[in-house]
Amino acid sequence: MNELPLMDTQDGIVLFYPNIPKNAAQAVSEVLNTRWIGQGPKVDEFEKRFQAKFTDPCTCIAVGSGTDALHLAYILAGLEEGDEVIVPVFTCTATNIPFLYMGVKIVFADVDENLNLDVNHVASLITPRTKAIVCVHYGGLPCDMSALWEMGKAHNIAIIEDAAHAIGAKYKDHYIGSQSDFTIFSFQAIKHITTGDGGMLVIKNPALVEKAKRIRWFGIDRSSKQKGIWENDITEVGYKYQLNDIAASIGLEGLAEFDDHLAHRQNLYRLYAKLLKNVEGIRVIGTEYTDREHAAWLLTAEVDDRERLIVHLRNHGIESAQVHYRNDRYSIFGGRTTGKFPKMDAIEERYIVLPLHAKVTEANVEYIAEVLKKGW
Ligand SMILES: *Cc1c(COP(=O)(O)O)cnc(C)c1O
């Protein structure tokens with residue numbers, strides 16, 4: 001058996017590590033030597049480049065976090081108190097907490113075997129009060145978008161993609177972010193591209209873009225203000241959700257390196273899938289599709305005897321964890337419901353996330369696979 005191939009940390013093979021672009025410090029230093037450190041030219045440039053690469057013809061609006069982007073998307077989708085929204089029961093709490101700000105009724109849907117939204121269950125949950133469906137591309141694996149877009153059209157329901165895990169993922173040859181009513185991305189510390197914290201709101205309907213910019217900034221029309229033609233009145237409630245130029249300068253560097261970073265992640269994902277293919281008691285999630293491209297943010301596996309596996313990995317210097325939990329376990333969402341989500345129930349005690357990030361090497365993955373082949 002190989003020696004444990006350490007990363008440049010003494011902690012063994014850790015689960016997450018921020019992906020800091022090589023020119024990030026230089027880029028930040030340049031911004032710090034200008035007049036603009038708040039929302040200025042770097043934010044504009046970051047929005048433009050991100051849009052050109054991933055989301056055209058949809059418009060990019062940079063914000064302070066993925067959660068900010070979700071909250072704005074929900075407002076722009078016209079969601080109001082008492083409306084219903086269908087969301088996956090399994091996701092980061094960030095997806096669902098903004099609904100509690102708004103008094104929108106969360107209707108959880110079950111997930112499929114790959115922890116993405118079960119579109120058949122979604123179809124059965126639609127009522128006349130359903131105003132939106134939110135899907136989450138779990139780990140970077142695109143959901144069944146064609147089915148969701150069809151439901152959206154048939155019932156006049158907004159489709160909102162939480163693509164926090166899925167920068168660079170493709171569905172039927174199109175980048176995630178270029179087709180739905182709204183898509184959000186996150187630039188939180190450990191996402192593919194980080195700005196420390198940050199997010200991107202992507203909007204399909206051009207008529208909503210100016211409003212989005214206003215409610216990103218207190219409800220003030222900043223461009224009129226800067227031109228000196230602002231009426232000095234605020235007529236709608238906004239937030240302080242903008243990105244700043246310090247963060248955007250890091251994001252621009254992350255974007256410049258993105259293709260290499262994505263290729264690294266996807267290569268590791270494929271290597272895991274290959275090496276673990278015939279290993280007893282473990283199945284890598286999301287490998288069977290040919291119509292979509294996995295952005296490889298997380299390597300998630302379905303495993304037997306998870307608690308023993310975690311200890312076995314830890315004993316070999318490998319960190320693993322669940323990372324996300326079913327949201328109906330949280331009291332703020334009403335607490336647990338047994339029996340309503342059979343697929344979630346079936347996988348709840350069986351999923352685990354293994355290390356996959358900028359610092360993980362092929363040798364690390366080979367070592368992890370050997371450790372798993374020994375059994376646990
Ligand atoms: C990271 C994440 C978000 C957004 O998180 P922020 O920390 O607010 O940027 C949203 N949804 C999912 C599924 C996430 O993993």
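Structure above, values below:
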{"quantity": "Among the residues listed as 132, 189, 123, the single one being assigned to a helix (DSSP H, G or I), on the phi < 0 side of the Ramachandran plot and surrounded by fewer than 24 Cβ atoms within 10 Å (Cβ to Cβ)", "calculated": "123"}
{"quantity": "Residue satisfying all of: in region 47-59; away from the ligand (no atom under 15 Å from the Cβ) and crowded, with 19+ Cβ neighbours inside 10 Å; farthest from residue 169 (Cα to Cα) among these", "calculated": "47"}
{"quantity": "Test: residue in region 159-178 that is free of Cβ contacts under 8 Å to residues at least 40 places away in the same chain, part of a loop (DSSP other than H, G, I, E, B), surrounded by fewer than 17 Cβ atoms within 10 Å (Cβ to Cβ) and not polar (S, T, N, Q)", "calculated": "yes"}
{"quantity": "Options 272, 367: the member that is part of a helix (DSSP H, G or I) and buried (at least 22 other Cβ atoms within 10 Å of the Cβ)", "calculated": "272"}
{"quantity": "Residues of region 201-214 that turn out to be surrounded by fewer than 19 Cβ atoms within 10 Å (Cβ to Cβ) and under 11 Å from residue 75 (Cα atoms), as a count", "calculated": "1"}
{"quantity": "Region 318-364, subset surrounded by fewer than 16 Cβ atoms within 10 Å (Cβ to Cβ) and among the aromatic types (Phe, Trp, Tyr), residue farthest from the chain's Cα centre (by Cα)", "calculated": "330"}
{"quantity": "Boolean, residue 152 is farther than 22 Å from residue 179 by Cβ and more than 16 Å from the ligand (Cβ to nearest atom)", "calculated": "no"}
{"quantity": "Test: residue 184 is within 16 Å of the ligand (Cβ to nearest atom), within 15 Å of residue 65 (Cα to Cα) and surrounded by fewer than 17 Cβ atoms within 10 Å (Cβ to Cβ)", "calculated": "no"}
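Yes/no matrix, rows are residues, columns are (1) out of contact with any Gly (no Cβ under 7 Å at 6 or more places or on another chain); (2) away from the ligand (no atom under 15 Å from the Cβ):
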site	(1), (2)
64	no, no
86	yes, yes
91	yes, no
99	yes, no
111	yes, no
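The numbers here are math on the coordinates, done by the rules we state, and not lab data. All values derive from a computational prediction rather than experimental measurement. Glycine gets a Cβ as well: all are built from the backbone with ideal geometry, and neighbour counts include every protein chain shown.
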